[in-house]
Amino acid sequence: MDDGRTLPTGPASGDFSSSVSAPDVVFEKLSHLELGPHHTALDVGYGSGCHTAYLCERVGSDRVTAVEMDHDLADRGAANLKRAGYAPHLVCDDGLLGVPERAPYDRIISTAALRTVPCPWIGHVREGGLILTPFGTAYENAGLLKLRVTRGRAEGRFVGGASYMWMRGQRPGRALNVSDDAPARRSASPIDPHEVLQGSYAQNFAIGLQVPDVSYSHRGRGDDRKVQFVDQSGTSVAIVRYSRWWEDDAVRVWGPRDLWGEVVTSFSWYQRERRPDVTRFGVTADAEGQRFWLDEPGRPVAS
């Protein structure tokens, strides 16, 4: 918990920051890796070593490289792997940088969620190789992304749902940089907030691809229940009341952006597109940046 600041002996408080996934979830993810016995693999975030052991069992220890950022976890994982008879190449470093001295790899697989595909990973994969990673936005962390690398570009679709803890270097921020005395712009909501915020994870995921830097949280209960939206810079905030949402003071907005307006527009787009499943969305990532699309790269998802 809390990147090791909470000791294993407790007391248990703070945020969970690392875990061992259930085996059925792990094997469902690994089934998308197309890992052959001749492939080399980079495992990002090896933690306990269990996930790395599965890769070693498939291709042999000499073909597996694994990286872990947390020193305590790295030591424990290394001891577990050695005790179980596996000897992959282990590195304690920032996994977002990859392990260039062992590149190129046929496969890169991550055990933590990303918001942006790291450029070093793309450069470390052989032509035609794969990157498989949990992926999400500040709004919704829920996709499993499978990318194929060709000519310096990683491109592919989401192959299903996956909710994993964030890679430490890509955790959504929690800053709030709006002055306490800044005036709020007040208005009615154009739609019942329940319709936007009580939908499926697929709906939230689609909205998040359009407002990837916006997060939300709830407060209060009953008639006092509200939802707060904040962008990653913390300079724009919106608070929306669930009850009497049609009244002129149901929405309060601070900063240069109307975050509730952006979320409602994204929800409307999702409805017009007949509520597409997560697997219809994809990502293209290269030196120019990262783009989201629906069905094919030529149909960009506006953000």
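Read the figures in this text as sums done on the coordinates, not as results from a lab. The structure presented is a predicted model; accordingly, all values stated were derived computationally and were not measured. Here the Cβ positions follow ideal geometry from the backbone for every residue, glycine too, while neighbour counts run over all protein chains shown.
Using only Cα atoms, locate the centre of segment 144-168 and the centre of segment 10-89, then give the distance between them in Å, rounded to an integer.
Each part's Cα centre sits 18 Å from the other's.
Using a 10 angstrom Cβ neighbour count of at most 13 plus a DSSP loop assignment to flag exposed GluC sites (Glu not before Pro), which longest range of the chain is free of such sites?
My reading of the result: 1-246 is the longest stretch.
Per DSSP helix of 4 or more residues, -39500 (n - 2.57); summed, then divided by the residues of the chain. What does that give at 222 nm, rounded to the nearest 500?
-6500 deg cm²/dmol
Principal axes first, then extents: for the Cα atoms of the chain, list largest minus smallest coordinate on each axis, whole Å, largest first.
66, 51, 32
Just want the ordering: Lys82, Lys146, from fewest to most Cβ atoms lying within 10 Å of their own Cβ.
Exposure proxy ranking, most exposed first: Lys82, Lys146.
Lys29: which lysines have alpha carbons under 26 Å from its alpha carbon, excluding same-chain residues fewer than 8 sequence positions away?
Lys82, Lys146
Which whole-number percentage describes the relative contact order of the chain, with Cα contacts under 8 Å and a sequence gap of 6 or more?
This gives 13 percent for the chain.
Using the C-alpha gyration tensor of segment 2-170, what are the square roots of 5 times its eigenvalues, in whole angstrom, with the largest one first?
24, 20, 14
Expressed as an acute angle from 0 to 90° and rounded to the nearest 10, what is the orientation of the C-alpha long axis of helix 201-210 relative to the principal long axis of the chain?
With both axes taken from Cα atoms, the answer is about 80 degrees.
With N denoting the number of residues in segment 210-258, provide Rg(C-alpha) divided by 2.2 N^0.38 Å, to two decimal places.
For segment 210-258, the normalised Cα radius of gyration is 1.17.
Neighbour counts of other C-beta atoms within 10 Å: give me Ser187, Ser266 arranged from fewest to most.
Ser187, Ser266
In the neighborhood of Ala112, defined by Cβ-to-Cβ distances under 15 Å, what is the net charge if each Lys or Arg adds +1 and each Asp or Glu adds -1?
-3
What fraction of the Cα pairs in segment 1-64, stated in percent, has a spacing above 19 angstrom?
It works out to 43 percent of all Cα pairs.
Test of the criteria: in segment 1-75, which trypsin sites (Lys or Arg not before Pro) are in a DSSP loop and have at most 11 other Cβ atoms within 10 angstrom of their Cβ?
Qualifying residues, ordered by number: Arg5.
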